[in-house]
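> Please find one structure pasted underneath; my questions will follow.
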2 protein chains.
Amino acid sequence: MSFFTLHVAGVTRHLPVRQISDTLSIASFVILGDAELVVHAAAALKKKLPEADYLLTAEAKGIPLVQELSRIMGMKRYFVARKSIKPYMAEPFVTEVRSMTTQKKQILCLDRAEAGLIRDRRILIIDDVISTGESIQALELLVREAGGQVAGRAAILAEGQAAERSDIIYLEKLPVFPVAD
Amino acid sequence: MSFFTLHVAGVTRHLPVRQISDTLSIASFVILGDAELVVHAAAALKKKLPEADYLLTAEAKGIPLVQELSRIMGMKRYFVARKSIKPYMAEPFVTEVRSMTTQKKQILCLDRAEAGLIRDRRILIIDDVISTGESIQALELLVREAGGQVAGRAAILAEGQAAERSDIIYLEKLPVFPVAD
């Protein structure tokens, strides 16, 4: 297996590079479990973020990052959009999106009480990696449907062409690796 | 709707009480999104925890708590057992369990590299709430199958009869509410 050496926010990780299609390999970046990287990346991201009322992410990989960012930014609450309706949602608030890449329908949901807190508030969308942009786009739709304003879109890494976007905030670029014939 | 007022680790929350069967109502405790409660509960739990090499939880509700506990305990890494095999798992390490209550089969999995780190190590199992004990039991099986030792089982709350267990660590009891005929 080959590895890509990532330097981000003062920490170094050797990411395994894996082929995901006939033409492309990607480096696997997993923050779930990496307490050290989350703490350092949150501190570095905080300096780049615009003002906002709440942070929002999608389960599950973004959760440690929004917890740590909320803590250091003094925010008592954040929101995690779930990928299925959960028993704790007294009344679910559901956004349906169709993946451009897989054509599958996916839902993102919150409890309606959470959606009510988003209304008329500035929401910062957070993810571990922005790649195709589909996850971020689905979260934006959720914010708009709940009546909130998107204050910004931020991630630790921007993968592939996402690094060319001027409307996202990120710490480092993550290359993709074309597969030779 | 009725509410149960919970005091835990210096914070107060009003938990909605919801009927889940003909005979039982429970109070809904959700730490996902509650940055303030996670920070306070982690600080209080830390004082009660035995020594261990790593923390382990199951996705998704335990994630913010293990991130914060790992941070304040100076642990660089923790483990999150996933409920399905994920693309980042080069080689999945899977434990299969059958729910006693629903009879459904469920899997808990890690990447094999993570399972390798658990081998011969002391693992502390963490959850938000211990209720029937099934989640904790499934995580214990995962630890044993990976060759690790269970150093302890800890949660913020012990719900219903779980509060009578002497083999778990928790901050507060969460009552259950029998439904009157």
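> Just to be sure, is A:LYS76 under 27 Å from B:ALA41 (Cβ atoms), surrounded by fewer than 19 Cβ atoms within 10 Å (Cβ to Cβ) and in contact with an Asp or Glu (Cβ under 6 Å, 6 or more places away or on another chain)? Lay out the reasoning, then the answer.
Working: under 27 Å from B:ALA41 (Cβ atoms): yes; surrounded by fewer than 19 Cβ atoms within 10 Å (Cβ to Cβ): yes; in contact with an Asp or Glu (Cβ under 6 Å, 6 or more places away or on another chain): yes.
It is true that A:LYS76 is under 27 Å from B:ALA41 (Cβ atoms), surrounded by fewer than 19 Cβ atoms within 10 Å (Cβ to Cβ) and in contact with an Asp or Glu (Cβ under 6 Å, 6 or more places away or on another chain).
> Then there's this: Hey, does the stretch B:116-128 have a residue that's within 18 Å of B:LEU49 (Cβ to Cβ) and assigned to a loop (DSSP other than H, G, I, E, B)?
Yes, there is a match, as at least one residue in the stretch B:116-128 is within 18 Å of B:LEU49 (Cβ to Cβ) and assigned to a loop (DSSP other than H, G, I, E, B).
> Only one of these is more than 14 Å from the chain's Cα centre (by Cα) and at pLDDT 95 or above: B:ARG153, B:ARG122. Name it. So that I can check it myself, show each step before the final result.
On the way: B:ARG153 fails: more than 14 Å from the chain's Cα centre (by Cα).
Every option except B:ARG122 fails the conditions.
> Also: Write out, first by first residue and then by second, each pair whose Cβ atoms fall under 6 Å of each other, whose residues are 6+ apart or on separate chains, and whose first residue, in the stretch B:114-125, is closer than 20 Å to B:MET73 by Cα while the second is buried (at least 22 other Cβ atoms within 10 Å of the Cβ) and of a type in the set (A, V, I, L, M).
If the second residue must be buried (at least 22 other Cβ atoms within 10 Å of the Cβ) and of a type in the set (A, V, I, L, M), the pairs left are B:ILE118/B:ALA146; B:ILE123/B:LEU56; B:ILE123/B:VAL143; B:LEU124/B:LEU55; B:ILE125/B:LEU56; B:ILE125/B:ILE136; B:ILE125/B:LEU139.
> Just one of A:GLN103, A:GLN137 is in a loop (DSSP other than H, G, I, E, B) and either at pLDDT below 95 or not acidic (Asp, Glu) (or both); which is it? Break it down stepwise before answering.
Numbers: A:GLN137 fails: in a loop (DSSP other than H, G, I, E, B).
Just a single option satisfies the conditions, and that option is A:GLN103.
> Still on this structure: Could you figure out which of (1) in contact with a Phe, Trp or Tyr (Cβ under 9 Å, 6 or more places away or on another chain); (2) surrounded by fewer than 17 Cβ atoms within 10 Å (Cβ to Cβ) isn't true of A:ASP111?
(2)
> Answer with yes or no whether B:ALA113 is in a helix (DSSP H, G or I) and within 10 Å of another protein chain (Cβ to nearest Cβ). First the steps, then the outcome.
Details: in a helix (DSSP H, G or I): yes; within 10 Å of another protein chain (Cβ to nearest Cβ): yes.
Yes; evaluated as a whole, the condition is true for this residue.
> Filter the stretch B:149-181 down to the residues that are within 15 Å of B:ILE126 (Cα to Cα) and free of Cβ contacts under 8 Å to residues at least 40 places away in the same chain and list them by number.
Passing the criteria: B:GLN149, B:VAL150, B:ARG153, B:ALA155, B:ALA158, B:ALA162, B:ASP167, B:ILE168.
> Also, I was wondering about something else. For the stretch B:129-148, name all the residues that are closer than 25 Å to B:ALA113 by Cα, free of Cβ contacts under 8 Å to residues at least 60 places away in the same chain and open to solvent by 50 Å² or more (accessible area, probe 1.4 Å).
Hits for the stretch B:129-148 are B:GLN137, B:ARG144, B:GLU145.
> Looking at B:GLU36, is it touching a helix residue (DSSP H, G or I) at 6+ places or on another chain (Cβ under 9 Å), more than 25 Å from B:GLN106 (Cβ to Cβ), crowded, with 22+ Cβ neighbours inside 10 Å and of a type in the set (Asp, Glu)? Steps first, please.
Values: touching a helix residue (DSSP H, G or I) at 6+ places or on another chain (Cβ under 9 Å): yes; more than 25 Å from B:GLN106 (Cβ to Cβ): yes; crowded, with 22+ Cβ neighbours inside 10 Å: no; of a type in the set (Asp, Glu): yes.
For B:GLU36, the condition - touching a helix residue (DSSP H, G or I) at 6+ places or on another chain (Cβ under 9 Å), more than 25 Å from B:GLN106 (Cβ to Cβ), crowded, with 22+ Cβ neighbours inside 10 Å and of a type in the set (Asp, Glu) - is not met.
> Out of all the residues in the stretch A:39-61, which are farther than 22 Å from B:ILE72 by Cβ, open to solvent by less than 40 Å² (accessible area, probe 1.4 Å) and under 15 Å from the mean Cα position of the chain (by Cα)?
A:LEU49, A:LEU56, A:ALA58, A:GLU59
> Also, I was wondering about something else. Pick from A:ALA90, A:ALA81: which is in contact with a helix residue (DSSP H, G or I) (Cβ under 8 Å, 6 or more places away or on another chain) and crowded, with 22+ Cβ neighbours inside 10 Å? Reasoning before the result, please.
Details: A:ALA90 fails: crowded, with 22+ Cβ neighbours inside 10 Å.
Sole residue among the options that is in contact with a helix residue (DSSP H, G or I) (Cβ under 8 Å, 6 or more places away or on another chain) and crowded, with 22+ Cβ neighbours inside 10 Å: A:ALA81.
> Test of understanding: among B:PRO50, B:PRO16, B:PRO64, which residue is at pLDDT below 95 and not hydroxyl-bearing (Ser, Thr, Tyr)?
B:PRO16
The values are calculated or read from the model by the stated rules, or taken from the named source; none is laboratory data. This structure is a prediction, so every number in the text was calculated from the model and none was measured. Cβ sites come from the backbone with ideal geometry, for glycine too, and all protein chains shown count toward neighbours. Just so you know, the surface numbers come from the protein's heavy atoms only, side chains and all, with ligands and any DNA or RNA stripped out. Shrake-Rupley method; radii C 1.70, N 1.55, O 1.52, S 1.80 Å.
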